[in-house]
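One structure below.
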Amino acid sequence: MKYTLLLLFIFFNSFHPPETNVFICGPTGAKKYHFNENCRGLSSCSHGVVKKTLKQAQGLGLTICGWED
């Protein structure tokens, strides 16, 4: 019984949900993030679209694009 509990503890502590990726315009200066790489809000991006994790984008103070809200 103790062995089973130990295995369950190890399994659940090693499981991490996948990161959610978002897209921003350029490496710096973006104000919004986008879940869809083809979002209408990115259509005028001339600095190149960069993929980040949702946590990184929110950590930079970015908010979700109004077209995806």
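The values are calculated or read from the model by the stated rules, or taken from the named source; none is laboratory data. Keep in mind that what you see is a predicted model, and the values were worked out from it rather than measured. Note that we place each Cβ from the backbone using ideal geometry, even for glycine, and neighbour counts take in every protein chain shown.
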What number of residues within segment 42-56 are touching a strand residue (DSSP E or B) at 6+ places or on another chain (Cβ under 7 Å) and under 11 Å from P27 (Cα atoms)? 5
Counting only residues in segment 29-69 that are of a type in the set (S, T, Y) and assigned to a loop (DSSP other than H, G, I, E, B), the one nearest to the chain's Cα centre (by Cα) is identified as S43
Segment 1-28, subset assigned to a loop (DSSP other than H, G, I, E, B) and at pLDDT 90 or above, residue surrounded by the fewest Cβ atoms within 10 Å (Cβ to Cβ): T20
Could you list, ordered by first residue, the pairs with Cβ atoms under 6 Å in which the first is in segment 29-43 and loosely packed, with under 13 Cβ neighbours inside 10 Å and the second is in a loop (DSSP other than H, G, I, E, B), at least 6 apart or interchain? R40/W67
